[in-house]
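Working notes for the structure below.
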Amino acid sequence: MMEKIKIAFQGEMGAYSHIASEELFPGSEIKACPTFEETFKVAHDDENYKIIIPIENSLAGRVADIHYLLPKYKLQIYSEHFQSVEHNLLVKRDTELRDIKYVRSHAQAIDQCQKIILKHKFQTIVSADTAGSAKELSKGKDKTIAAIASKLSAKIYDLKILKENIEDESGNVTRFLIMGKNIIQPNYHKDKKYITSCIFRLKSIPAALYKCLGGFATNQVNLTKLESFSVKNTFDQTNFYLDLEGHIEDSKVQKALEELGFHTQSLNILGVYEAASFRQKK
């Protein structure tokens with residue numbers, strides 16, 4: 001009998017990370033962790049675990065803290081997954097719209113559902129996460145409070161979905177990274193599309209970033225993401241997170257990364273993985 005796949009994510013059961021876990025690894029053994037740090041630590045301490053981590057959202061931008069945890073725990077990226085985010089207004093079974101005065105959820109979910117909040121003049125209560133808001137609602141008896149969360153949260157915590165898809169804009173998508181301790185790299189095939197991710201720190205010299213990027217231009221390697229984040233406890237050193245299109249065994253990518261290495265203090269390859277099919281739809 002095959003051993004179940006072990007998956008860890010940050011948040012409560014019913015979170016969008018939980019939904020992504022179920023879609024990618026149905027029937028897996030799932031562990032919910034209170035913080036991102038604890039989630040990373042699970043995979044760092046146990047090579048049998050994979051973790052699913054949100055790194056960016058199409059409306060809200062990058063997810064805080066993740067960029068600092070990537071170099072700290074040195075996990076490998078195995079794949080990426082793009083998950084649609086559909087917010088719903090959840091209430092207790094005997095609650096109607098006229099009863100609601102407050103709405104509770106994560107700050108980003110509240111920001112993404114301003115139309116319904118302003119229309120009904122709801123007061124907002126900011127919580128640590130969406131599914132946690134649904135869990136808290138299920139424990140209480142206050143009919144004046146609603147939660148913004150997923151349909152899975154409604155099912156898990158026995159709540160009524162009063163209104164579906166209440167987000168202000170359609171196309172709300174979160175990009176997740178699937179990571180683990182072991183190094184896993186797909187074989188290179190010219191007919192497939194790949195993403196290579198890395199973190200690097202520049203040398204403190206004039207035009208260092210310009211010189212780093214020159215190698216990608218001359219070798220015709222496309223960058224899909226480049227973000228800076230400061231080194232903790234300093235103001236004069238900066239790390240960069242980079243995603244590029246291509247496999248590390250492609251000669252063009254090798255030459256570009258070699259030139260990048262000339263101008264950096266450190267260069268850490270986080271992973272090479274197949275580009276998600278979602279990218280082809282854009």
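The values are calculated or read from the model by the stated rules, or taken from the named source; none is laboratory data. Just so we're clear, the structure is a prediction, and the values are computed from it rather than from any experiment. A quick note on method: Cβ atoms are made from the backbone with ideal geometry, for glycine too, and the neighbour counts reach across all protein chains shown.
Please determine, by comparing only the residues of region 1-19 that are farther than 22 Å from Glu136 by Cβ and surrounded by fewer than 23 Cβ atoms within 10 Å (Cβ to Cβ), which one is farthest from the chain's Cα centre (by Cα).
Of everything passing the filter in region 1-19, Met1 is farthest from the chain's Cα centre (by Cα).
Hey, any hits in region 245-267 for a residue that's basic (Lys, Arg) and over 30 Å from Glu38 (Cα atoms)? Full working, then the answer.
Within region 245-267, the first condition is being basic (Lys, Arg), and the residues that meet it are 252, 255.
Now narrow it down to the ones that are over 30 Å from Glu38 (Cα atoms): 252, 255.
Yes: one or more hits.
Go through His81, His44, His67 for me and flag whichever is outside any loop (DSSP other than H, G, I, E, B), in contact (Cβ under 8 Å) with a residue 60 or more places away in the chain and out of contact with any helix residue (DSSP H, G or I) (no Cβ under 9 Å at 6 or more places or on another chain). Please lay out each step first, then the result.
Working: His81 fails: out of contact with any helix residue (DSSP H, G or I) (no Cβ under 9 Å at 6 or more places or on another chain); His44 fails: out of contact with any helix residue (DSSP H, G or I) (no Cβ under 9 Å at 6 or more places or on another chain).
Exactly one of His81, His44, His67 is outside any loop (DSSP other than H, G, I, E, B), in contact (Cβ under 8 Å) with a residue 60 or more places away in the chain and out of contact with any helix residue (DSSP H, G or I) (no Cβ under 9 Å at 6 or more places or on another chain), namely His67.
Filter region 167-207 down to residues that are farther than 19 Å from Glu80 by Cα, in contact (Cβ under 8 Å) with a residue 12 or more places away in the chain and of a type in the set (Ser, Thr, Tyr), then give me how many there are.
Total meeting the criteria: 1.
Looking at (1) assigned to a strand (DSSP E or B); (2) surrounded by 14 or more Cβ atoms within 10 Å (Cβ to Cβ); (3) not hydroxyl-bearing (Ser, Thr, Tyr), which is the only condition Gln265 fails?
It is condition (2) that Gln265 fails.
Filter region 99-121 for residues that are free of Cβ contacts under 8 Å to residues at least 24 places away in the same chain and not basic (Lys, Arg) and give the result.
Answer for region 99-121, where residues must be free of Cβ contacts under 8 Å to residues at least 24 places away in the same chain and not basic (Lys, Arg): Ala107, Ile117, Leu118, His120.
Pick from Arg93, Arg104: which is closer than 29 Å to Asp158 by Cβ and at pLDDT 95 or above?
Arg104
Do we find that Tyr73 is closer than 15 Å to Gln10 by Cβ, over 12 Å from the mean Cα position of the chain (by Cα) and surrounded by 19 or more Cβ atoms within 10 Å (Cβ to Cβ) in this structure?
In short, no.
Checking the conditions here, which among Ala275, Ala256, Ala208 is modelled with pLDDT of 95 or more and in contact with a Leu (Cβ under 8 Å, 6 or more places away or on another chain)?
The conditions single out Ala256.
Which of (1) assigned to a strand (DSSP E or B); (2) under 26 Å from Ala107 (Cβ atoms) is the odd one out, the single condition Lys50 does not satisfy?
If we test Lys50 against (1) assigned to a strand (DSSP E or B); (2) under 26 Å from Ala107 (Cβ atoms), just (2) comes out false.
Being at pLDDT below 95 and not assigned by TED's automatic domain parsing to the domain that holds Ala107 narrows it down to one of Asn233, Asn222, so name that one.
Just a single option satisfies the conditions, and that option is Asn233.
When you scan region 28-41, how many residues do you find that are under 17 Å from Ala15 (Cβ atoms) and assigned to a helix (DSSP H, G or I)?
Step one: of region 28-41, the residues under 17 Å from Ala15 (Cβ atoms) are 28-40.
Next, from what is left, pick out any that are assigned to a helix (DSSP H, G or I): 36-40.
So the count comes out to 5.
A quick yes/no check of all residues on (1) over 20 Å from Pro71 (Cβ atoms); (2) aliphatic (A, V, I, L, M); (3) out of contact with any Ser or Thr (no Cβ under 6 Å at 6 or more places or on another chain):
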{"residue": "Asn187", "(1), (2), (3)": "yes, no, yes"}
{"residue": "Ala207", "(1), (2), (3)": "yes, yes, yes"}
{"residue": "Val221", "(1), (2), (3)": "yes, yes, yes"}
{"residue": "His263", "(1), (2), (3)": "no, no, yes"}
{"residue": "Glu274", "(1), (2), (3)": "yes, no, yes"}
